[in-house]
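What follows is a short report on a single structure.
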Amino acid sequence: MNSATLARASDADFQLITDWHIGADIDSVWQALHHPDYWPRWWPYVRSVEKLRAGDSEGVGSLYRIEWTSKLPYEFSFEIETVEVVRYERIRGLARGQLNGQGVWEVSPDESSTRVRYTWTVSLTVPWMRRLKPLAAPIFRWNHNAVMRAGELGLARHLHAQVLKPT
C-alpha cells in the first residue's frame, strides 16, 4: 500500500473523530490498541482480525484484515497497514478495501488515566454506499459513533477500568 491509497482529508467522504477517556494507565491502553489481533476479545463489533504480515519491532509495516459488524444490517472489511508508530503517542494506518483512507490513534496520559483520540478519514468504495451517501451520511456517522462507543466500553471492561467524562 502506498500514499496514493490515502485520500486527502478534503477529498474523503468522511472525517470522523472519536475521543475516549479511559481510567487506566497509558501502557495498558497502548498495548490494547497496538495489537489489533486481540480486538475481537474486547470490541463487540470486531468480528475477526487476521494478521497478513508482521511489521518491524514497533509494528510498522504490519498488515491486518479486519472484519466488522455494525449497528446497521451490514458488515464490512478492509485491510489496514501500519505506517507509523510513535510509542505511547500515535499509531497511523492506511486502509484499503470497502473503505479506503487513514486511521490515526493518538494517546496521551492524564494523571492516572489515558486520553485517546481516533481520527478516521475515509472514502467509501462500495457502490451502494456511495450512491446512498448524500442521504445516508448522518446514519453512517451514527453507526460509526455506536461502533466506537462499544469499543470504548469494551476496552474499559477489558482493562477493568472506567470510562471517564471529559474534563
task = Please state which of the following conditions residue 128 fails to meet, knowing it meets all the rest: (1) assigned to a helix (DSSP H, G or I); (2) touching a Ser or Thr at 6+ places or on another chain (Cβ under 8 Å).
result = (2)
ask   = Taking the range 95-105 only, how many residues are buried (at least 17 other Cβ atoms within 10 Å of the Cβ) and closer than 29 Å to residue 164 by Cα?
value = 3
task = May I ask you to list pairs of residues, at least six apart or on different chains, whose Cβ atoms are under 8 Å apart, with the first in the range 45-60 being over 17 Å from residue 77 (Cα atoms) and touching a residue at least 12 places away in the same chain (Cβ under 8 Å) and the second being among the hydrophobic types (A, V, I, L, M, F, W, C) and surrounded by 15 or more Cβ atoms within 10 Å (Cβ to Cβ)?
result = 55/63; 58/85; 59/85; 59/91; 60/83; 60/85
task = List every residue pair whose Cβ atoms sit under 7 Å apart, with the two residues 6 or more apart in sequence or on different chains, where the first one lies in the range 79-100 and is free of Cβ contacts under 8 Å to residues at least 40 places away in the same chain and more than 14 Å from residue 30 (Cβ to Cβ) and the second, anywhere, is in a strand (DSSP E or B) and among the hydroxyl-bearing types (Ser, Thr, Tyr).
result = 93/82; 97/77; 98/77
request  = Return the total of residues in the range 89-98 being at pLDDT 95 or above and outside any strand (DSSP E or B).
outcome  = 1
task = Could you please find all residues in the range 103-113 being more than 17 Å from residue 34 (Cβ to Cβ) and in a strand (DSSP E or B)?
result = 110, 113
request  = Tell me which residues, restricted to the range 101-117, are over 18 Å from residue 144 (Cβ atoms) and either among the aliphatic types (A, V, I, L, M) or without any contact (Cβ under 8 Å) to a residue 12 or more places away in the chain (or both).
outcome  = 107, 111
inquiry  = Checking the conditions here, which among 139, 91 is among the β-branched types (Val, Ile, Thr) and out of contact with any His (no Cβ under 9 Å at 6 or more places or on another chain)?
reply    = 139
ask   = Mind checking whether some residue in the range 107-115 is among the acidic types (Asp, Glu), surrounded by fewer than 19 Cβ atoms within 10 Å (Cβ to Cβ) and within 22 Å of residue 80 (Cβ to Cβ)?
value = no
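The values are calculated or read from the model by the stated rules, or taken from the named source; none is laboratory data. Here the structure is a predicted model, which is why all the values come from computation and not from measurement. FYI the Cβ positions are ideal-geometry reconstructions off the backbone, even for glycines, and counts take in every protein chain you see.
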